[in-house]
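Let me begin by presenting the structure, written as structure tokens, before commenting on it.
Rule-based calculations on the coordinates, nothing more; no lab input. Source: prediction; values computed, not measured. Every residue, glycine as well, gets a Cβ built from its backbone with ideal geometry; the counts of neighbours run over all protein chains shown.
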Amino acid sequence: MGNAEEVEVLISKEELDRRVTELAQQISRDYQGKNPLLIGILKGSFVFMSDLIRRLTIDFTVDFMGTSSYGASTQSSGEVRITKDLEDSVAGRDVLLIEDIVDTGLTLRYLLDTLKARQPASLKVCALLDKPARRLVRVPLDYYGFIIPNEFVVGYGLDLEERYRGLPFVGVLKQRK
Ligand code: 5GP
């Protein structure tokens, strides 16, 4: 189910609202006169992305990619599998990847390398959360919402075994006594 009572608030709904609005304003300024392709990385980014795009003041299109990393669910192995690919070509497009969270950076590194080979006009990244403590590879975060400590977070699209995605805030699971 994913009860809010089990989760301690790390980033409140109000803080998310404020920051997502700022990011949308910044992206709208930077892509003024362009028609970027926003690519949401499933599943975690869909809540952030739906809030973000409703605050953009520019033309854009959206697409989605699904990834899963081989190995245990809370530990990225570096080997990334594309479970859903894009519907349209990115060649010549201004691509903005929308990620929920960047942890080791391995998923993002793989996606950037894969998409770069398809020759977009430009390729940038917008991540809601940056968890730099466990970073293994260097990745550019052109836009980010919040830097967070080395904790496993849930809510606002992020899950633990598919639970908690619907929480309106980002939180950390409380220790069970
Ligand atoms: P990376 O490849 O950067 O290590 O991991 C990226 C993916 O791991 C994210 O897109 C997300 O799906 C998952 N992930 C990393 N840290 C967290 C976390 O704290 N909470 C949740 N729910 N997922 C995480």
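How long are the semi-axes of the equivalent ellipsoid of the range 87-177, defined as square roots of 5 times the Cα gyration tensor eigenvalues? Whole Å, largest first.
Here the semi-axes work out to 28, 15, 11 Å.
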Highest GNM mean-square fluctuation among 118, 165, 109, for the chain with Cα springs under 10 Å, belongs to 118
Helix 13-30: inclination vs the chain longest Cα principal axis, degrees, rounded to 10, gives 10 degrees
The summed charge of the residue 102 Cβ neighbourhood (under 14 Å; Lys/Arg +1, Asp/Glu -1) stands at +1
Counting every C-alpha pair in the range 50-140, the percent lying more than 14 Å apart is 68 percent
Lys and Arg at +1, Asp and Glu at -1: neighbours of residue 158 with Cβ under 13 Å from its Cβ sum to -3
Projected onto the charge dipole of the chain (unit charges on the beta-carbon of Lys, Arg, Asp and Glu, signs +1, +1, -1, -1), the Cα from 40, 115, 61 with the largest positive-side position is that of 115
Relative to the chain, whose Cα atoms define the longest principal axis, helix 106-116 and its Cα axis are tilted in degrees, nearest 10, by 10 degrees
Stretched fully, the stretch from residue 161 through residue 28 gains (0.36 nm per residue minus C-alpha distance, one decimal, in nm) 44.5 nm
Violations at 22 Å Cα threshold for listed pairs 13/84; 34/131; 84/131; 13/124; 43/131; 84/174 -> 13/84; 34/131; 84/131; 13/124; 84/174
Placing one equal point scatterer on each C-alpha of the chain and summing with Debye, one gets log10 I(q)/I(0) at q = 0.17, 0.18, 0.20 Å⁻¹ equal to -1.10, -1.23, -1.49
Treating only Lys and Arg (+1) and Asp and Glu (-1) as charged, each at its beta carbon, one finds that the range 133-177 has a dipole about its Cα centre, in Debye to the nearest 20, of 240 debye
Normalised per residue, the volume inside the convex hull of the alpha-carbon atoms of the range 1-53 in Å³ amounts to 89 Å³
